[in-house]
1. Mind checking which residues of region 129-179 are under 18 Å from D65 (Cα atoms), of a type outside the set (F, W, Y) and surrounded by 20 or more Cβ atoms within 10 Å (Cβ to Cβ)?
2. Quick one: which of A206, A178, A136 is touching an Asp or Glu at 6+ places or on another chain (Cβ under 8 Å), closer than 29 Å to Q11 by Cβ and not polar (S, T, N, Q)?
3. So, G118, is that one farther than 14 Å from L163 by Cα and touching a residue at least 12 places away in the same chain (Cβ under 8 Å) or not?
4. Going through region 88-128 one residue at a time, which ones are farther than 16 Å from V67 by Cα and of a type in the set (V, I, T)?
5. For region 200-267, which fully contained helices (runs of 4 or more DSSP H) count at least 2 residues that are small (G, A, S) and closer than 20 Å to M159 by Cβ?
6. I'd like the full set of residues that are surrounded by fewer than 21 Cβ atoms within 10 Å (Cβ to Cβ) and among the hydroxyl-bearing types (S, T, Y), limited to region 16-54.
Amino acid sequence: MVHIEDSERIQLTPVPAFSDNYIWVLSKGRRAVVVDPGEAAPIEKLLKEYQLTLDSILITHHHPDHVGGVLQLKQATGATVYGPLGETLPVCDVPLKEGDEIALDAFNLDLTVLDIPGHTAGHIAYFGYIEPNTPAVFCGDTLFAGGCGRLFEGTPAQMVNSLAKLKELPLETLVCCAHEYTLSNLRWALKVEPDNPALHKRWESAQQLRDKGLPTLPSTIGLELETNPFLRPLQETVAQSAQNWAGRPLTSAVAVFASLREWKNNT
């Protein structure tokens, strides 16, 4: 159940869509911004229920489950649409690339753009402080809770580089990814790192949240560094597990990552 308050502080809300997507909503007072609206209906319902005005739409990449509702919402609200420069989108008023910044004045929020290709060729992320001590990153399908995106258009080397950019963000950064894949990802991660106590603790916590019908997101960069094998391809335990699965020596972070990604694809 989604609940939004009429607050002068920015609220961050994951709105369920399809079977396992989340559309992230930033709201403050009666204004709203949405990230990756794959369908319009859940957002139209939310705007009506809470009498919100949609100011902006942020897009991370071109896949239909992230852009399917953009045109309808644009036509209904006139919201400004931001998206990756290098991808074909239903509509995009402001094309963006790494280093660009967005000033969302109604929210007193500035977002910086990161290029994070791998899942798609032009995938971007948005990073900023939604409150003075609350950094957040909207990373689409690049980094997941306990996992990462499949490589539909990019290479393992690109994804390793993209994840490295996200790893450099502050540890407390909220990871606002776009799918509820956490249990599946952690189940696999436990095969990679069966002796990781932080991972076991996270698995139990995620199960409890899902049993109650609650989101497991947002995560944090710090939690991902402790429990997500894709972020630690050079850690000995992770590399050894990947090598055992591959059945051959793996001599670089990219080789370990590629093995991990193939392993996860086959589970």
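1. Restricting attention to region 129-179, the residues satisfying the condition of being under 18 Å from D65 (Cα atoms) are 138-144, 148-153, 176-179.
Next cut, of a type outside the set (F, W, Y) only: 139-143, 148-151, 153, 176-179.
Once the filter is applied, which keeps residues that are under 18 Å from D65 (Cα atoms), of a type outside the set (F, W, Y) and surrounded by 20 or more Cβ atoms within 10 Å (Cβ to Cβ), region 129-179 yields C139, G140, D141, T142, L143, C148, G149, C176, C177, A178, H179.
2. On the way: A206 fails: touching an Asp or Glu at 6+ places or on another chain (Cβ under 8 Å); A136 fails: touching an Asp or Glu at 6+ places or on another chain (Cβ under 8 Å).
Answer to the check: A178.
3. Details: farther than 14 Å from L163 by Cα: no; touching a residue at least 12 places away in the same chain (Cβ under 8 Å): yes.
Judged against the criteria, G118 is not a match.
4. I102, T112, V113, I116
5. Details: elements: 221-227, 236-246, 253-265.
Fully inside region 200-267 and qualifying: 236-246, 253-265.
6. Across region 16-54, the qualifying residues are S19, Y50, T53.
Values in this text are rule-based calculations from the coordinates and carry no lab data. Predicted model, so just to flag it, every value in this text is computed and none were measured. We place every Cβ from the backbone using ideal geometry, glycine too, and count neighbours over all the protein chains shown.
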